[in-house]
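Structure, as structure tokens:
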Amino acid sequence: MGIHGLTKLIADQAPGAIKENDIKNYFGRKIAIDASMSIYQFLIAVRQDGNVLQNEDGETTSHLMGMFYRTIRMLENGIKPVYVFDGKPPHLKSGELAKRSERRAEAEKQLAEAQEAGDVETVEKFNKRLVKVTKQHNDECKRLLTLMGVPYVEAPCEAEASCAALVKAGKVYATATEDMDGLTFGTSILMRHLTASEAKKLPIQEFHFHKLLEEIGLSHTQFVDLCILLGSDYCETIRGVGPKRAIELIRQHGSIEEILQNIDTAKYPVPEHWLYKEARQLFLTPEVVDTDSIDLKWTEPDEPGLLEFMSTEKQFSEDRIRNGIKKIRKSRQGSTQGRLDNFFKVTGSLSSLKRKEPELKGSAKKKQKSGGATPGKFKKENNPPYRTPPHPTVPTGFSVTPVRETETQQAPQQCDPVLVSLGV
């Protein structure tokens with residue numbers, strides 16, 4: 001579930017913390033991806049005539065097609081993905097898991113009724129509600145990623161928490177997930193829509209954590225308390241407290257403890273045996289992977305292994321798999337190109353940068369006043385970040401040292417219309 005209503009609250013209260021970007025602008029970035037969320041998306045979206053893809057043996061293959069082609073799309077755009085898989089769920093999540101089981105049981109009843117009535121649209125809706133990522137789905141995707149030469153990490157507990165730890169350790173640039181609790185775990189940057197279908201043409205959204213805290217005027221701990229009030233997977237909430245009231249209470253009182261001392265419990269009933277302290281502790285000090293032991297490597301694809309697994313065992317078209325392998329290899333030819341912000345190391349004193357800007361006069365001053373686009377709700381970065389002026393000016397007292405050489409970036413391939421029709 002993530003954090004209930006957090007996306008809208010950020011858009012309303014801290015729009016400057018959200019940026020929209022194109023996938024091509026992440027060339028050279030290493031990104032930690034919530035694997036379970038991605039696989040769930042593939043099982044929901046990659047379908048034919050409303051049904052999950054299956055081979056002739058009746059085995060579900062939607063997750064493999066989604067993982068194969070959407071990972072290739074990232075690689076073609078110069079992104080270095082690392083998938084992070086969930087470990088054991090925390091004990092605090094048992095209540096949420098029980099609720100999910102109840103909802104599944106209810107959905108199964110409604111599905112049976114819709115099938116009996118011949119209501120195709122309702123059948124499809126409840127089939128999607130019954131989608132569940134299994135151990136087999138995870139194991140098959142891990143095998144596929146290994147054969148593709150893409151690394152993955154097995155988290156000891158929640159994947160989003162370990163993604164955040166990898167970001168904070170500088171191993172990756174951002175966490176990619178649709179669950180907003182990645183921010184609650186403290187990831188510096190959270191990305192949404194990275195693994196969405198290309199046909200949807202959704203811009204990638206970046207949520208910047210430190211900018212968010214600055215704009216809403218809260219500390220990390222206070223933000224965690226806000227998220228607990230909004231609703232998470234780990235404990236109940238105070239009935240009647242919505243997003244607007246929640247942020248008002250946190251700003252006024254500073255913590256859940258103080259809120260409980262001042263709130264009208266007749267109007268806002270507090271859950272009995274409320275485990276908000278335990279939930280707070282889980283968000284602030286989660287069980288995560290040992291980042292020092294993580295060595296991320298992207299390697300050449302195993303062509304014979306991929307053909308054996310995907311074509312022979314799972315019965316995908318051999319020509320399509322071979323074409324996918326070619327795309328992976330081609331993407332690796334340009335993978336030595338890094339980002340411009342990694343190419344140079346700047347040394348010197350910041351004080352040498354302080355100088356008075358020349359005063360503009362006449363039409364130049366008027367042009368500067370009128371120039372510039374009207375700021376929108378979110379900031380969109382359209383310019384590729386790898387272009388540099390042919391003769392950059394180096395400030396006095398600074399030196400620029402090239403870090404490594406670069407090769408030509410590979411242009412992304414055109415999307416396959418057949419794959420687009422399947423939701424890939």
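The values are calculated or read from the model by the stated rules, or taken from the named source; none is laboratory data. Because the structure is a prediction, the values reported are computed rather than measured. Backbone-built Cβ (ideal geometry, glycine too); neighbour counts: all protein chains shown. Note: accessible area is taken over every heavy atom of the protein model, side chains too, but ligands, DNA and RNA are not part of it. Shrake-Rupley method; radii C 1.70, N 1.55, O 1.52, S 1.80 Å.
Annotations
- Residues in the stretch 275-297 that are open to solvent by less than 40 Å² (accessible area, probe 1.4 Å) and in a loop (DSSP other than H, G, I, E, B) were compared, and the one that is nearest to Ser331 (Cα to Cα) is Leu296.
- Number of the condition not met by Glu215 [criteria: (1) of a type in the set (Asp, Glu); (2) modelled with pLDDT under 95; (3) within 30 Å of Ile79 (Cα to Cα)]: (2)
- Summed over the stretch 23-40, the residues that are under 26 Å from Val131 (Cα atoms), among the hydroxyl-bearing types (Ser, Thr, Tyr) and either without any contact (Cβ under 8 Å) to a residue 60 or more places away in the chain or open to solvent by less than 40 Å² (accessible area, probe 1.4 Å) (or both) give a count of 2.
- Scanning the stretch 238-262 for residues being surrounded by 19 or more Cβ atoms within 10 Å (Cβ to Cβ) and assigned to a loop (DSSP other than H, G, I, E, B) gives a total of 2.
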